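Engineer: Would you mind keeping the following structure in view while I ask a few things?
The values are calculated or read from the model by the stated rules, or taken from the named source; none is laboratory data. Not measured: the values here are computed from a predicted model. Virtual Cβ from ideal backbone geometry, glycine too; neighbours counted across all protein chains shown. Please note that ligands, DNA and RNA were not included when accessible areas were found on the heavy atoms of the full protein model with its side chains. Shrake-Rupley method; radii C 1.70, N 1.55, O 1.52, S 1.80 Å.
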Amino acid sequence: MNKENYPTGAEHGEYWQPELETMPRAELEQLQVAKLKKTIEIALKSDLYGKRLGELGLTPDDFNSVSDIRKIPFTTKADLRDNYPFGLVGGNMDDAVRIHSSSGTTGHPTVVAYSKHDIDSWANMLARSMYMVGCRNSDFFQNSSGYGMFTGGLGFQYGAERLGATTIPAAAGNSKRQIMFIKDFGTTCLHAIPSYAIRLAEVFQEEGVDPRSTNLRTLFIGAEPHTDEQRRRIERLLGVKAYNSFGMTEMNGPGVAFECKYQDGMHLWEDNYIIEIVDPDTLEPVPEGQIGEMVLTTLDRDMMPILRYRTRDLTRIIPGECKCGRTHKRIDRIKGRTDDMFIIKGVNVFPMQIEKILVQYPGLGSNYLITLSTENDNDILTVEVELDDMCTDYIPELEKMNKDIQRALKDEILLTPRVRLVKKGSLPVSEGKAVRVKDLREGRG
């Protein structure tokens, strides 16, 4: 896409790119097909898709409607790991300007390489999303997300800069400092994960500051599951409007889908993605409005396109038109996942990451349980693990082991869990596949 197609400052009216956001469905699908053909052309140059599509004899000429995408096999996270690091790159790595990755489990992390075009396209999606809910170039945008390989920080940073807003890259944590910035800089828009937004409200109260006395009015939330009740509570506590968003590293990062001001589902930007909702067991399409697994295909990435990616996220397409006038389909909030990964405080965690640490300690049994709970509106991760028969009851030694395990887990999953060492036989034993995770958080148990 040419540079002139990307706005460089705030536009007038309701839409950042009115011709794209309100494009009639028939024209939008024609645009998708044209972009899909180009995407296939690039993908064929990658190791994975060159072999996979080549064996099927597929070329760009075989794709003349959106439904033709079903000719392509699904891509999974395992494909990305097995082709680590650049086996899905169809562009020239000399043109790569950025690499992001997700956290790995016991194997390789998933890696995405970006060209300048890809970064521009991603920034534009974030700017479009933020503009959609009222953020303008006169706003002061504060980002409390982590920067680095995690896409949430730099994604919103580039989007806010593309929008023309004044950016405050505060990064994660240090709540008193966050509040100082909000007050002193006149922050109007804030990006935070839901659990941290609630923590921030608590610190406002501890500091004797009424959030409503500040200029803060808009909050962007996402990265971890949350209920609509939790969202409404955040709005009451901070005196803001909180807008839900969806993104994932494999699809660029944040900005794949975003709520508009009506907060009735997230518009998924179909000029950049093709969305499918399939039955996770049969992998066949489900009727519109029915919950299934979301499958996504990138359409505007020229370094590393990904075709029919099984996100493992469960959601549905909301039927009907949105009152905002945008024609891009809306997805419901994520209902859960089809695999065993869980999200806490915006971090993706796999049970295998925890097991990998536990097996390193002599004196521990093989049975463990991960419990996710909520205390004082904060998500808590507790790891209980049984001791083996030979482990001593010497308390100082157990306390040292507990602290060592806690430290090792924090290094692995970037969160500090509670660790409890319990007697052998204390934890439930399941018939068949072991139940390793109990999610007791409100609306997610």
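Engineer: Short version: ³J(HN,Hα) in whole Hz for each residue of the range 56-68, in order, from phi by Karplus 6.51 cos²θ - 1.76 cosθ + 1.60 (θ = phi - 60°), x for Gly and Pro, what are they?
Structural biologist: Listing the rounded values in order: 8, x, 8, 10, x, 5, 7, 10, 10, 8, 4, 5, 5 Hz.
Engineer: With labels modelled as points extended 7 Å from the Cα through the Cβ direction, what inter-label distance (nm, one decimal) is found for Asp439 paired with Lys356?
Structural biologist: Modelled inter-label distance: 2.2 nm.
Engineer: Whose amide H sits under 5 Å from the amide H of Ile380, counting only residues 5 or more places off or on another chain, with H placed in the peptide plane?
Structural biologist: Ser373, Thr374, Glu375
Engineer: Under 20 Å Cα to Cα from Lys423, which lysines show up? Leave out anything in the same chain fewer than 8 places away.
Structural biologist: Answer for Lys423, where 20 Å is the Cα cut-off: Lys400, Lys403, Lys438, listed by chain and number.
Engineer: Here's something else I'd like to know. Could you tell me the center-to-center distance, by alpha carbons, between the range 40-77 and the range 276-298 in angstrom?
Structural biologist: 19
Engineer: Can you compute the modelled spin-label distance between Asp389 and Glu207, with each label point 7 Å from Cα toward Cβ, in nm?
Structural biologist: 5.7
Engineer: OK, next. Just list whichever of Lys116/Lys261; Lys77/Lys410; Lys183/Lys335; Lys45/Lys345; Lys116/Lys176; Lys176/Lys261 have alpha carbons separated by over 26 Å in the model shown.
Structural biologist: Long pairs (Cα-Cα over 26 Å): Lys116/Lys261; Lys183/Lys335; Lys45/Lys345; Lys116/Lys176; Lys176/Lys261.
Engineer: Further question on the same structure: Quick one: Cα convex hull volume of the range 17-69, Å³ per residue?
Structural biologist: Here the figure is 79 Å³ per residue.
Engineer: Now for a separate question. Please give the per residue volume of the convex hull enclosing the alpha carbon atoms of the range 51-147, rounded to a whole number of Å³. Write down the numbers at each step before the final one.
Structural biologist: Numbers: hull volume 17.0 nm³, N = 97.
Spread over its residues, the Cα hull of the range 51-147 gives 175 Å³ apiece.
Engineer: While we're on this one: Taking 0.36 nm per residue of sequence separation and subtracting the Cα-Cα distance, how much length would be gained by fully extending the chain between Glu375 and Asn215, in nm to one decimal?
Structural biologist: Between Glu375 and Asn215, full extension yields 54.7 nm more.
Engineer: With a probe of 1.4 Å, find how much accessible area the chain has per residue, and write the answer as a whole number in Å².
Structural biologist: Result: 44 Å² per residue.
Engineer: Convert 4 °C to kelvin, take the viscosity as 1.567 mPa s, use the Kirkwood radius over C-alpha pairs of the chain as Rh, and evaluate the Stokes-Einstein diffusion coefficient in µm²/s, rounded to a whole number.
Structural biologist: Calculated translational D: 56 µm²/s.
Engineer: Would you mind telling me the share, in percent, of accessible area of the range 174-310 contributed by carbon and sulfur at probe 1.4 angstrom?
Structural biologist: Here it works out to 45 percent.
Engineer: Summing -39500 (n - 2.57) over the DSSP H runs of n ≥ 4 in the chain and dividing by its residue number, what mean residue ellipticity at 222 nm do you reach, to the nearest 500 deg cm²/dmol?
Structural biologist: Rounded to the nearest 500, the figure is -9000 deg cm²/dmol.
Engineer: Tell me, what ³J(HN,Hα) does each residue in the range 322-336 have, in order and in whole Hz, if you take phi through Karplus 6.51 cos²θ - 1.76 cosθ + 1.60 with θ = phi - 60° and put x for Gly and Pro?
Structural biologist: For the range 322-336, the Karplus-derived couplings read 8, 5, 6, x, 6, 9, 6, 4, 10, 9, 6, 4, 5, 8, x Hz, x marking Gly and Pro.
Engineer: Beyond 12 Å, what share of the Cα-Cα pairs of the range 242-298 is found? Please give it as a whole percent.
Structural biologist: 69
Engineer: Turning to a different aspect of this structure: Going 7 Å from the Cα of Met341 toward and past its Cβ, which residues in the range 55-86 have a backbone nitrogen under 17 Å from where you end up?
Structural biologist: Of the residues in the range 55-86, 74-85 have backbone N under 17 Å from the label point off Met341.
Engineer: Choose one of Leu44, Ser67, Val240: the residue whose Cα lies farthest towards the positive end of the charge dipole of the chain (beta-carbon charges +1 Lys, Arg; -1 Asp, Glu; about the Cα centre).
Structural biologist: The Cα lying farthest towards the positive end belongs to Val240.
Engineer: Would you please give the residues with an amide H less than 5 Å from that of Thr75, counting only those at least 5 places away or on a separate chain, with H modeled from the backbone geometry?
Structural biologist: Here the answer is Tyr309, Arg310, since their amide H atoms fall under 5 Å of that of Thr75.
Engineer: Using a Förster distance of 45 Å, how high is the FRET efficiency between Glu27 and Phe185, based on the Cβ-Cβ distance and rounded to 0.05?
Structural biologist: Working: r = 42 Å, r/R0 = 0.93.
Plugging the Cβ-Cβ distance into 1/(1 + (r/R0)^6) gives 0.60.
Engineer: What's the center-to-center distance, using Cα atoms, between the range 179-256 and the range 17-35 in Å?
Structural biologist: With the range 179-256 and the range 17-35 each reduced to a Cα centre, they are spaced 32 Å.
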